[in-house]
Amino acid sequence: MISQFFVLSQRGDNIVFRDYRGDVPKASTEIFFRKVKFWKEDGEEEAPPVFNVDGVNYFHVKIVGLLFVATTRTNVSPSLVLELLQRIARVVKDYLGILTEESLRKNFVLVYELLDEVIDFGYVQTTSTEVLKSYIFNEPIVVDSALLPTLGPASIFMQGTKRMPGTAVTKSVVANEPGGRKREEIFVDIIEKISVTFSASGYILTSEIDGTIQMKSYLSGNPEIKLALNEDVTIGRSGSSAYGYSGSGSGAVILDDCNFHESVHLDNFDLDRTLSLVPPDGEFPVMNYRMTQEFKPPFRINALIEEAGSLKAEVILKIRAEFPSSATANTILVQMPLPSYTSRVSFELEPGAVGQMTDFKEASKRLEWGLKKIVGGAEHTLRAKLTFSQESHGNLTKEAGPVSMNFTIPMYNASRLQVKYLQIAKKSKAYNPYRWVRYVTQANSYVARL
């Protein structure tokens, strides 16, 4: 299936390299990195996840600054290989605790042992952390997470001023704590990716939520767990679920469809919306779901572009946070393609603006507006004056836009799907492990037309 697998740093250094079939040149790492670094085809800034050079297909994903790459000469399914790369990264992260260049270099023996078990002669054998535990004998060298810079995914789970523990992000599933102890805890993350398209007048044309309930367990003995969702969850647009459950009015959470991990038992799901499972080792999705029911989008985007004299135009961008003031969005980036003959852009932020960044990417003719954070209920405006190198002969709204937005909102979910309780089978009266339930909403495709 695949011929080679390798991991490159941001500088192009070869951290991990495994050649399974010997039918692709060894110089493929250098060919790949040069192609990605100097990608200029089709006017794009970044190379696509799949491309072909001299008869070799290159597949890559970028995870926390590292490039995970596979090569092959055969015609394999791109989605299959991209999913494999994601799963290899997840397995390595499960074993090392944290995925960085340093942790890979310190644990290269363990990483190569994992790769030899996951892939044999280019064919996938297993990507299950639970199964691999029977075959992996090297212990991980744990990298001290306190010395690492704060990464986005590690710091997104915050609730007010109280920070959720980051141990789920930086902890190995096989290594014990210092002193041989193992901290009993379980993490459940409800992650939702929102896709919304607004019309020029502000109406919602399409809206969809792709959600997943992720679980990572550090419980010894793998006890049974019961996880309860809202009782008004309905599956299927007809108002009754595939399990014979009918919704309770207009306030119900209606999921179009969903699927569950193989370890989940649905015996009581149609009665009280509880899932029973014995969690395997490592991180895994308990449930994936999709929702197109009307929901309140977390942001409203208003965009306007109009001529302001000869060879000039003005852009006004306004974003309003429509979620509660108890939540705060971070790492917000608003982007807007401008007419191809735009030569200069000057920006005007609102008075007293703090933590905002503006930029004009001249190569791609794109306006960028970054905000560190937005509190629920707040509104922000950006004005940009454009200077053109030639007269505009068409409609400006057809030559500019659409406006796209990226953001992350911790401890908020638009679907209203909730984990009501997390029950763990007790081994003794004193047994009381830590339970952490966290929510995060991210933009998948958040677009406003002009």
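Label Asn406 and Tyr203 with points 7 Å out from Cα along Cα→Cβ: what is the distance between them in nm?
Distance between label points: 3.1 nm.
Based solely on its DSSP helices, what 222 nm [θ] is calculated for the chain when runs of n ≥ 4 H residues each add -39,500 (n - 2.57) and the sum is averaged over all residues, nearest 500 deg cm²/dmol?
The helix-only estimate for the chain comes to -4000 deg cm²/dmol at 222 nm.
Could you tally up the Lys pairs in the range 299-410 with alpha carbons closer than 28 Å? Skip any pair fewer than 8 positions apart unless they're on separate chains.
20
Can you give the FRET efficiency to the nearest 0.05 for Val278 and Asp23, using r as the Cβ-Cβ distance and R₀ = 35 Å?
Rounded to the nearest 0.05, the efficiency is 0.25.
For the range 1-144, what is the charge dipole size about the Cα centre, in debye to the nearest 20, if Lys and Arg each add +1 at the Cβ and Asp and Glu each add -1 at the Cβ?
160 debye
Please identify the longest segment of the chain free of exposed GluC sites (Glu not before Pro), where exposed means a DSSP state other than H, G, I, E or B and no more than 10 other Cβ atoms within 10 Å.
That gives 47-261 as the longest site-free run.
Which trypsin sites (Lys or Arg not before Pro) in the range 40-135 pass both tests, a DSSP loop state and at most 10 other beta-carbon atoms within 10 Å?
Those satisfying the criteria are Lys40.
Using the crude model of +1 on Lys and Arg Cβ and -1 on Asp and Glu Cβ, and no other charge, please compute the dipole size for the range 299-410 relative to its Cα centre, in debye to 20.
That gives a dipole near 220 debye.
Give me the net charge of Met1's neighbourhood, meaning all other residues with Cβ under 13 Å from the Cβ of Met1; Lys, Arg count +1, Asp, Glu -1.
Charge balance near Met1 sits at -1.
Counting Lys and Arg as +1 and Asp and Glu as -1, each charge on the Cβ, what is the dipole of the chain about the Cα centre in debye, to the nearest 20?
Computed about the Cα centre, the dipole is about 980 debye.
Provide the gained length on full extension for the span His261 to Ala363, in nm with one decimal, where the gain is 0.36 nm per separating residue minus the Cα-Cα distance.
Between His261 and Ala363, full extension yields 32.2 nm more.
What's the tally of Lys pairs in the range 4-132 whose alpha-carbon atoms lie under 21 angstrom apart, where the two lysines are 8 or more places apart or on different chains?
8
Tell me the label-point distance for the pair Ser220, Val375, using the 7 Å Cα-to-Cβ offset, in nm and rounded to one decimal.
For Ser220 paired with Val375, the spin-label model returns 4.5 nm.
May I ask which residue of Asn52, Leu277, Gln418 lies farthest towards the positive end of the charge dipole of the chain, with charges of +1 (Lys, Arg) and -1 (Asp, Glu) on Cβ and the Cα centre as origin?
Sorting the options by dipole projection puts first Gln418.
In the range 1-109, which chymotrypsin sites (Phe, Trp or Tyr not before Pro) fall in coil by DSSP and have 12 or fewer other Cβ atoms within 10 Å?
Of the chymotrypsin sites (Phe, Trp or Tyr not before Pro), the ones in loops of the range 1-109 whose Cβ has at most 12 other Cβ atoms within 10 Å are Phe38.
Which one, Thr126, Asn14, Val64, projects farthest toward the positive side of the charge dipole computed for the range 4-132 from Cβ point charges (K/R +1, D/E -1)?
So the residue we want is Asn14.
Counting only complete DSSP H runs, which helices of the chain cover 24 Å or more along their long axis at the Cα atoms and score a mean Kyte-Doolittle of 0.5 or above?
Correct list, ordered by number: 78-96.
Read-outs: derived from the displayed coordinates by stated rules, not from any lab. Computed from a predicted structure; not experimentally measured. Ideal geometry is used to build each Cβ from the backbone, glycine not excepted, and the neighbour counts take in all protein chains shown.
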